[in-house]
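Below is one structure; the comments refer to it alone.
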Amino acid sequence: MCLLFETIKVINKKLTNVSFHNERMNRSRFELFGSKNELNLDELVEIPNDITRDVYKCKVIYSDTIKDFEFRKYTPRIIEHLKTAYCDEIDYSYKYLDRKVFDELLIKNNCQENEDILIMKNGRVADTSFSNITMFDGKEWHTPKYPLLKGTKRAKLIYDKRIIEQDILLGDLEYYEKIILINAMLEFEISNAKLVKQVIRD
């Protein structure tokens, strides 16, 4: 049986964005395992007494049921460059624990510590190896309509109408000015935006 996971941001000893994690987890459990009973991470995840009020990453491993969870103090990755990586066969529509496909793409594209890949699938901009992306065209913030994985932070930002889904082709990148990487741990902060022309490389 395959294993999946959720990564949840913990602030002040509290799980954040739980409703979106619950929705994705329960949808995945139903579609992959036929599980119809809904689980609530707020009720199932126990916050350790010994963690501080710093930002932590909670990793919940599951299949039809919760298998394990772990807490780790969060240290953000600093990504300076994205290398375009082409892979039409990639399928990561569920948040699988097995991420070998991303490891292989990172090695193939010779990514260094401060680099990641911008994955192109069927000519469309998708995701990086660990995040969804948002890009500013001078008027609006867009996110790819066809990501590899529909992230929980992405879902919340769309729900809040802060970003808009857009079908972004490779040739469209030249029309965007700024880029922000987002995931459960990375916030959508305009002050952290970087210039597309400086970040994305062939």
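Quick note: the coordinates plus some simple rules give every number you see, no bench work behind them. Note that the coordinates shown come from a computational prediction; the quantities given were computed from them, not determined experimentally. Don't worry about glycine lacking a Cβ; one is built from the backbone with ideal geometry, like all the others, and counts go over all protein chains shown.
Of all the criteria given as (1) surrounded by 17 or more Cβ atoms within 10 Å (Cβ to Cβ); (2) under 20 Å from the mean Cα position of the chain (by Cα), the one not satisfied by residue 45 is (2). Return the residue satisfying two criteria in turn: it lies in segment 54-88 and is β-branched (Val, Ile, Thr) and touching a Phe, Trp or Tyr at 6+ places or on another chain (Cβ under 8 Å), and of such residues it is nearest to residue 113 (Cα to Cα). Here the residue is 55. What about residue 132, is it within 19 Å of residue 193 (Cα to Cα) and polar (S, T, N, Q)? Yes; evaluated as a whole, the condition is true for this residue.
Has segment 142-149 got at least one residue that is on the phi > 0 side of the Ramachandran plot and either surrounded by fewer than 19 Cβ atoms within 10 Å (Cβ to Cβ) or touching a Lys or Arg at 6+ places or on another chain (Cβ under 7 Å) (or both)? No - not one qualifying residue is present in segment 142-149.
Whether any residue in segment 16-27 is touching a residue at least 24 places away in the same chain (Cβ under 8 Å) and in contact with a Cys (Cβ under 9 Å, 6 or more places away or on another chain) is what I want to check. No, that holds for no residue.
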